Amino acid sequence: MSASISALPQTLDGWLQLLEQRHAQSIRLGLDRVAAVRAALGPDPDAVVITVGGTNGKGSCCAMLEAILLAEGYRVGCYTSPHLLKYNERVRIDGKDVDDEALVAGFAAVEAVRGDTPLTYFEHGTLAAWSVFCAARPDVIILEVGLGGRLDAVNVFDADCALVTSIALDHMDYLGDSRDAIGFEKAGIFRSGRPAVCGDPQPPATLLAHAEAIGAQLWVSGRDFGFGGDRQQWGYWRYETPPARGALVKRGGLAYPALRGVNQLLNAAAVMTVLETLRDRVPVSMQAIRQGLMLVDVPGRFQVLPGRPAVVLDVAHNPQAAGVLAENLGSMGFYPETWAVFGMLNDKDVEGVVDLIKGRVDHWLLAGLPGPRGLKAEALAERLRAAGVEADIRCFDAPADAFAAAQQAAGEGDRILAFGSFLTVADVLAAVKAARH
């Protein structure tokens, strides 16, 4: 049974500790339990709902959507995961992290109606975020899928438009070991008769087939919309009605997004397509699009910190993301030495990630990560050597320790790269912030 009201935690830390203790199983796919509790929470807010799934690029697309809609003057709720430094980052209203009080109320609201229904940490948090949005009543709610799509807790909410950013091999224990299997899971967020957008220019046949089978209105990157540009600006195009195409719509003279990286135009074009499909309900001007793309910011996604040596933070933890990171590093210019602070979870394709980026790294400072899934530095070193790394390898207990060593060893003209798990980047970011204060 749910705990009595008097026994419920009164602080956010208390709630997070309770949920961690209560649910040893962090991932439990399926929607029946979440749907039952969601129904008990009461009526939904009258908001446009955008669901964002995909292997990589979800956080960037959510941030772009949020920034553009805020620039237009809409009230926006945004739910993302995981967080880097504090849980509040997961739930935002009007571009600001909600306070502890709002989250405590959300967790308590879910607890009050769940009865005997068990919920995982992520499921309880997702429903709590929805409760926060119900109280705030925003015009638009943006929901980022946690894992997969079809069976993810976020999928209990029907999207007015669903975006799948990319499909690559990750979380294969849960989603399958092929792009076809994973594509089908991602496509589960599409809805019959509603717009769906795929930002992957080479989607698996399963995604296309599922969209057609349920009658979703699917726009695919490169087929129904796309982009082009030069060094100064870029342009966007789309057809009016895919796949019949119809009229061609063009938007030119766009400034590059504030987010760094060669893949951000792919994300921006997908975001613009989402907004085009919803223009009857939430019209957005080109001025708001330009302003939003100029101001958007996502910590930990090819984030380059000011100062010397250069410091790059990136949560690339699968081969597709590592390939993009390697390309972005190559476009940064010349650095005599690159010092990589690297930590990973043991269920990730470490060798696949390392193989794509090892040519950009001169020194590896490996960091152990906590928890049952965290790889110790020595075990990570073995996997690097198995992947053919012959460069300098050093081991540390934690990312902050490895980062401190990198700062001490790197020359002023060098580059420090902290990447891999969210835990790696979070620990380094916390160390950077502590040093500034």
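The values are calculated or read from the model by the stated rules, or taken from the named source; none is laboratory data. What you see is a predicted model; the values in this text were computed from it and never measured. Cβ sites come from the backbone with ideal geometry, for glycine too, and all protein chains shown count toward neighbours. Protein only, heavy atoms only, side chains kept; ligands, DNA and RNA dropped before computing areas. Shrake-Rupley method; radii C 1.70, N 1.55, O 1.52, S 1.80 Å.
Of all DSSP beta bridges confined to the chain, the antiparallel ones make up roughly 35%.
Across the alpha-carbon atoms of region 223-372, the computed radius of gyration and Dmax are 18.8, 54 angstrom. Translational diffusion of region 319-417 was estimated from the Stokes-Einstein equation, with Rh taken as the Kirkwood radius over Cα pairs; at 4 °C and 1.567 mPa s the coefficient is 95 µm²/s. Taken per residue, the accessible surface of region 186-225 reaches 36 Å², heavy atoms only and a 1.4 Å probe.
Electrostatic tally near Ile93: other residues with Cβ closer than 14 Å to its Cβ, Lys and Arg +1, Asp and Glu -1, net -3. Surface composition of the chain: carbon and sulfur make up 50 percent of the accessible area, probe 1.4 Å. When +1 charges are put on Lys and Arg Cβ atoms and -1 charges on Asp and Glu Cβ atoms, the dipole computed for the chain relative to its Cα centre reaches about 800 debye.
Can you give me the Cα centroid spacing of region 321-342 and region 376-427 in angstrom? First find each Cα centre; the distance between them is then 13 Å. Taking every protein chain into account, the accessible area of region 269-327 amounts to 40 square angstrom per residue (probe 1.4 Å). Here, region 24-171 yields an orientationally averaged convex hull projection of 8.5 nm² when only Cα atoms define the hull.
Partners of Lys86 within straight-line reach, counting lysines whose Cα lies under 26 Å from its Cα and excluding those fewer than 8 residues away in the same chain: Lys58, Lys96, Lys348, Lys376, Lys433. Net charge of the neighbourhood of Gly183, taken over other residues with C-beta under 12 Å away and scored Lys/Arg +1, Asp/Glu -1, is 0.
Highest GNM mean-square fluctuation among Ala409, Ala269, Ala216, for the chain modelled with Cα contacts below 10 Å: Ala409. Here the relative contact order of region 307-381, from alpha carbon pairs under 8 Å that lie six or more residues apart, stands at 33 percent. Evaluated at q = 0.11 Å⁻¹, a Debye calculation over the C-alpha positions of region 12-101 (equal weights, vacuum) places log10 I(q)/I(0) at -0.42. With one equal scatterer per alpha carbon and no solvent term, the Debye-computed log10 I(q)/I(0) for region 92-221 at 0.09 1/Å reads -0.31.
The ellipsoid that matches the Cα gyration tensor of the chain has semi-axes, each √(5λ) in whole angstrom, of 33, 29, 21, with the longest given first. Converting the Cα gyration tensor eigenvalues of region 212-273 into ellipsoid dimensions via √(5λ) gives semi-axes, longest first, of 24, 13, 7 Å.
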